[in-house]
Amino acid sequence: MSQPPQKKVVEKFLHDPEFLKVISRRNAIAYSLTVIMLFCYFVFVLLLAYDPALLARPTGNSTLGIPLGIGVIIIACILTGIYVFWANKYYDAQLKELKARLGDEAAKEADHE
Amino acid sequence: MNTTIGQTHTISILFFLGFVLITLGITYWAARKTRTTSEFYAADRSVTGLQNGLALAGDFMSAASFLGIAGLVATGGYNGLIYSVGYLVGWPIVMFLIAEPLRNLGKYTFADVVAHRLKKRPVRAAAALSSIITVVIYLIAQMVGAGSLIKLLFGLPFELALVGVGALMIAYVIFGGMLATTWVQIIKAVLLLGGATILTILVLYHFGWSYNALFAQVIKTTGGPKLLQPHLSLSVATSPLDVVSLSLSLMFGTAGLPHILMRFYTVPDAKEARKSVFFATGFISYFYILTFTIGYGAAALVAPKLLLAVEKGGLTSNMAAPLLAEILGGSPFLGFLSAVAFATILAVVAGLTLAGASAISHDLYEGVFRKEEPTEQSGKEEVRVAKIATIVLGVLAVVLGLSFKNVNVAFMVGLAFAVAASANFPALLMSVFWKKFTTNGAVASIMTGLILSVILIVLSPTVWVNVFQAGVDPSLISPAPFPMKSPAIFSMSAAFAVGILVSIIKPEKQAQENFDTELLRTYTGLGAE
């Protein structure tokens, strides 16, 4: 179990332009996916609440609402898949590199003092 | 046709005994690896992403959701799908907003995360209270469901069934801790997914692999396309606004359930935590598509009269899936599925009890009452407290299960989600994302969400009319003061608003100063345990 990062290390990371770029890209992706999920789900919910007749429209023996509901479930799977693929493949590698570089630099600075 | 449901099947007893023997064997193996706090609460962080994904799915796919949603689709049609979609869309939210901070900041419970940069004692006390209440409500739902199902499926008396479930789950948790609980969940998840897959294949085979033929038969059996159309049913919601409120609590409740959040500490790092959410989302979606097919299969093939005939004790149409299994697979398959349902209940209550015991021992005993710094000795003491708490909760669950015998199971699960979405989720989110959040803000937010959601539910038609005035002459019934069934749209918003307001009125310098350190740990896992 590692110790909590010291104040100096924290400053080092939070003032490093590369680190800030990596985490703001992570947030841009995670928050956009959140917004897409909320949008799809609440379009479905609002239709359900305020225009159920539209969802009850028949398509074959089924109704429009059934593929839409299943569609929301599938979209949820795809969105989580996109995020885990991106994060585990690119984001983690970038973080690892940054941790190694900034950790080394912080250790060297500590030696100088 | 006649059904053999309610009779004791040799085959289900054999399957069930097999399950009990294997899981007790696992518990015996796990007991030797369950000594320290990290081993007891978090399986020493040794669980892989795939294993944890299955265990998360196992925690989520309760007997209430298997039999309940299939039954809801069979009798209420489209309404069942509303629940499935709502329960599922919480998972992407957990993935994008909660999973990484939770894994990187916390130790054993979600209260660790809320309290991370705030004053530990008050925040832990409030978070422990709301965790325990959420867990106990969920536990009552599962126990009542367990007793009724076992009575229906095996013909055992309700009381005996509850005591058996209570004793087995206590054994899993106190001897095997999180490691045994995780493996019980994994085995049960595989059995449940397997059983539901076979039943779905039987349904689709019967209809020549065509959903169109299945829906045609649903229309024919039930005398119209009503089951395929969304319709605002009073059993689900009283108004369009109520539908939105229900949807909010289904979506955000998942991100506030203590037994689900606790699972993120069993994996070694954020990468495995992400993988586990991905696998869980996949398994749960697959499972909901199966229950949807099974539900419509039952609507098409089981005589409507029979569906309603076996309905008892608040378990609306829970027998749809077992009845269908018997029609399509004969009584051996029914026996197998009954054993799987029993195993499902056992696994879910074990996970819940462990989460409740952790809130008592880790959040209350260690976080609030003990004053000294933690040592190896105090860790042992903490595990001992957790084991005592497990026994107390186990006994309490049996007693509450017996006294709430007639409560509606789906309602209790809905209540747990509403409380989780209102009391736990807002404080968790604000603590991680908002620099100016304060100790007082956290406590106020948790208490507002908790108290308001419970009060509004008591004032809702479900309790005010259906419970308080059960059996009263319809013309004399006083209408519910709160006209909706789901309080989340008000109680969750109020929890956010009060948390923000209290934090702005009195800023907390220390909490803001700690934010940068927390931020780094949130993203990189530096300093994570």
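Contact annotation: residue pairs with Cβ atoms under 6 Å, 6 or more positions apart or on different chains, pairing a residue in region A:16-37 that is among the hydrophobic types (A, V, I, L, M, F, W, C) with a partner that is open to solvent by 20 Å² or more (accessible area, probe 1.4 Å), are A:VAL22/A:GLN94; A:ILE23/B:TYR523.
Here's the yes/no breakdown for (1) out of contact with any Leu (no Cβ under 8 Å at 6 or more places or on another chain); (2) at pLDDT 95 or above:
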| residue | (1), (2) |
| --- | --- |
| B:VAL419 | no, yes |
| B:ALA427 | yes, yes |
| B:LEU452 | yes, yes |
| B:PHE482 | no, no |
| B:SER486 | no, no |
| B:PHE496 | yes, yes |
| B:GLY499 | yes, yes |
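Taking the condition of being among the small types (Gly, Ala, Ser) and over 13 Å from B:VAL244 (Cα atoms), how many residues in region A:31-51 meet it? Give the steps one after another, and end with the answer.
Step one: of region A:31-51, the residues among the small types (Gly, Ala, Ser) are A:32, A:49.
Within this subset, residues satisfying the condition of being over 13 Å from B:VAL244 (Cα atoms) are A:32.
Residues that pass the stated criteria total 1.
Only residues that are part of a helix (DSSP H, G or I), touching a Ser or Thr at 6+ places or on another chain (Cβ under 9 Å) and either free of Cβ contacts under 8 Å to residues at least 12 places away in the same chain or surrounded by fewer than 24 Cβ atoms within 10 Å (Cβ to Cβ) (or both) were counted across region B:393-412, and they come to 2.
It is to be established whether one or more residues within region A:52-59 are more than 30 Å from B:THR238 (Cβ to Cβ) and of a type in the set (S, T, N, Q). No: region A:52-59 contains no residue that is more than 30 Å from B:THR238 (Cβ to Cβ) and of a type in the set (S, T, N, Q). With respect to B:PHE264, is the statement that it is out of contact with any Cys (no Cβ under 7 Å at 6 or more places or on another chain), more than 12 Å from chain A (Cβ to nearest Cβ) and modelled with pLDDT under 90 true? Against the criterion (out of contact with any Cys (no Cβ under 7 Å at 6 or more places or on another chain), more than 12 Å from chain A (Cβ to nearest Cβ) and modelled with pLDDT under 90), B:PHE264 does not qualify. Condition check: hydrophobic (A, V, I, L, M, F, W, C), touching a Ser or Thr at 6+ places or on another chain (Cβ under 7 Å) and within 24 Å of B:HIS231 (Cα to Cα). Does A:ILE73 satisfy that? For A:ILE73, the condition - hydrophobic (A, V, I, L, M, F, W, C), touching a Ser or Thr at 6+ places or on another chain (Cβ under 7 Å) and within 24 Å of B:HIS231 (Cα to Cα) - is met. Taken over region A:58-73, the criterion of being at the interface with chain B (Cβ under 7 Å from one of its Cβ atoms) and either closer than 17 Å to B:ILE82 by Cα or open to solvent by less than 60 Å² (accessible area, probe 1.4 Å) (or both) is satisfied by A:ASN61, A:SER62, A:THR63, A:GLY65, A:ILE66, A:GLY69, A:ILE70, A:VAL72, A:ILE73.
Residues are listed down the side, and each one gets a yes or a no for (1) at the interface with chain A (Cβ under 10 Å from one of its Cβ atoms); (2) of a type in the set (Phe, Trp, Tyr); (3) open to solvent by less than 10 Å² (accessible area, probe 1.4 Å); (4) touching a residue at least 12 places away in the same chain (Cβ under 8 Å):
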{"site": "B:ALA180", "(1), (2), (3), (4)": "no, no, yes, yes"}
{"site": "B:LYS188", "(1), (2), (3), (4)": "no, no, yes, yes"}
{"site": "B:GLN229", "(1), (2), (3), (4)": "yes, no, no, yes"}
{"site": "B:PRO240", "(1), (2), (3), (4)": "yes, no, no, no"}
{"site": "B:HIS259", "(1), (2), (3), (4)": "no, no, yes, yes"}
{"site": "B:ASP269", "(1), (2), (3), (4)": "yes, no, no, yes"}
{"site": "B:SER276", "(1), (2), (3), (4)": "yes, no, yes, yes"}
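Of all residues in region B:21-39 being among the basic types (Lys, Arg) and touching a residue at least 40 places away in the same chain (Cβ under 8 Å), which is least open to solvent (accessible area, probe 1.4 Å)? Here the residue is B:LYS33.
Screening B:SER475 on (1) in contact (Cβ under 8 Å) with a residue 12 or more places away in the chain; (2) more than 14 Å from chain A (Cβ to nearest Cβ); (3) part of a helix (DSSP H, G or I) shows it passes everything except condition (1). Whenever a residue of region B:434-457 is over 22 Å from B:GLN512 (Cβ atoms) and part of a helix (DSSP H, G or I), its partners that are among the aromatic types (Phe, Trp, Tyr) and modelled with pLDDT under 95, lying with C-beta atoms within less than 7 angstrom and at least six residues away or across chains, give the pairs B:LEU456/B:PHE482.
Looking across region A:32-57, just one residue is facing chain B (nearest Cβ under 7 Å) and either over 21 Å from B:SER84 (Cα atoms) or of a type in the set (S, T, N, Q) (or both), and that is A:THR34. Checked against the criterion of being within 14 Å of B:LEU257 (Cβ to Cβ), touching a residue at least 12 places away in the same chain (Cβ under 8 Å), assigned to a helix (DSSP H, G or I) and out of contact with any strand residue (DSSP E or B) (no Cβ under 9 Å at 6 or more places or on another chain), region B:70-85 has no qualifying residue. Can you work out which of the residues in region A:11-31 that are part of a helix (DSSP H, G or I) and open to solvent by 60 Å² or more (accessible area, probe 1.4 Å) is farthest from the other protein chains (Cβ to nearest Cβ)? Per the criteria, the residue is A:PRO17.
Is it true that A:PHE85 is closer than 30 Å to B:LEU241 by Cβ, open to solvent by 30 Å² or more (accessible area, probe 1.4 Å) and facing chain B (nearest Cβ under 10 Å)? It is false that A:PHE85 is closer than 30 Å to B:LEU241 by Cβ, open to solvent by 30 Å² or more (accessible area, probe 1.4 Å) and facing chain B (nearest Cβ under 10 Å). Annotation note: of B:GLY525, B:GLY471, the sole residue that is at positive phi and open to solvent by 30 Å² or more (accessible area, probe 1.4 Å) is B:GLY471. Among the residues of region B:40-55, those that are part of a loop (DSSP other than H, G, I, E, B) and open to solvent by 20 Å² or more (accessible area, probe 1.4 Å) comprise B:SER46, B:THR48.
Open to solvent by 10 Å² or more (accessible area, probe 1.4 Å), in contact with a helix residue (DSSP H, G or I) (Cβ under 8 Å, 6 or more places away or on another chain), more than 10 Å from every other protein chain (Cβ to nearest Cβ) and part of a helix (DSSP H, G or I): is that true of B:ILE219 in this structure? Spell out how you get there, then give the answer.
Working: open to solvent by 10 Å² or more (accessible area, probe 1.4 Å): yes; in contact with a helix residue (DSSP H, G or I) (Cβ under 8 Å, 6 or more places away or on another chain): yes; more than 10 Å from every other protein chain (Cβ to nearest Cβ): no; part of a helix (DSSP H, G or I): yes.
When the stated conditions are applied, B:ILE219 does not pass them.
Rundown of residues vs (1) within 13 Å of chain A (Cβ to nearest Cβ); (2) closer than 23 Å to B:GLN142 by Cα; (3) in contact (Cβ under 8 Å) with a residue 12 or more places away in the chain; (4) of a type in the set (Phe, Trp, Tyr), yes/no style:
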position: B:PHE19; (1), (2), (3), (4): no, yes, yes, yes
position: B:TYR41; (1), (2), (3), (4): no, yes, yes, yes
position: B:LEU54; (1), (2), (3), (4): no, yes, yes, no
position: B:ASP59; (1), (2), (3), (4): no, yes, yes, no
position: B:ILE93; (1), (2), (3), (4): yes, no, yes, no
position: B:ASN104; (1), (2), (3), (4): yes, no, yes, no
position: B:ALA111; (1), (2), (3), (4): no, no, yes, no
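Per the listing B:PHE207, B:PHE158, B:PHE175, the residue uniquely more than 26 Å from B:GLY25 (Cα to Cα), open to solvent by 20 Å² or more (accessible area, probe 1.4 Å) and of a type in the set (A, V, I, L, M, F, W, C) is B:PHE207. Among residues of region B:113-136 being more than 29 Å from B:GLN510 (Cα to Cα) and surrounded by fewer than 24 Cβ atoms within 10 Å (Cβ to Cβ), the one that is nearest to the other protein chains (Cβ to nearest Cβ) is B:ILE133. When B:ILE360, B:ILE327, B:ILE345 are screened for being farther than 26 Å from B:PHE404 by Cα, at pLDDT 85 or above and β-branched (Val, Ile, Thr), only B:ILE327 passes.
Residue count for region B:430-458 under the criterion of being open to solvent by 30 Å² or more (accessible area, probe 1.4 Å) and hydroxyl-bearing (Ser, Thr, Tyr): the result is 1.
When restricted to residues that are touching an Asp or Glu at 6+ places or on another chain (Cβ under 9 Å) and under 20 Å from B:PHE278 (Cβ atoms), region A:93-113 contains 1. Residues that are open to solvent by less than 40 Å² (accessible area, probe 1.4 Å) and small (Gly, Ala, Ser) within region B:477-508 comprise B:ALA480, B:SER486, B:ALA488, B:SER491, B:ALA494, B:ALA495, B:GLY499, B:SER503, listed in sequence order.
The values are calculated or read from the model by the stated rules, or taken from the named source; none is laboratory data. The structure displayed is predicted, hence computed values, not measured ones. Heads up, the Cβs are rebuilt from the backbone with ideal geometry, glycines too, and the neighbour counts pull from every protein chain shown. Areas reflect the complete protein model, heavy atoms only, side chains present, ligands, DNA and RNA absent. Shrake-Rupley method; radii C 1.70, N 1.55, O 1.52, S 1.80 Å.
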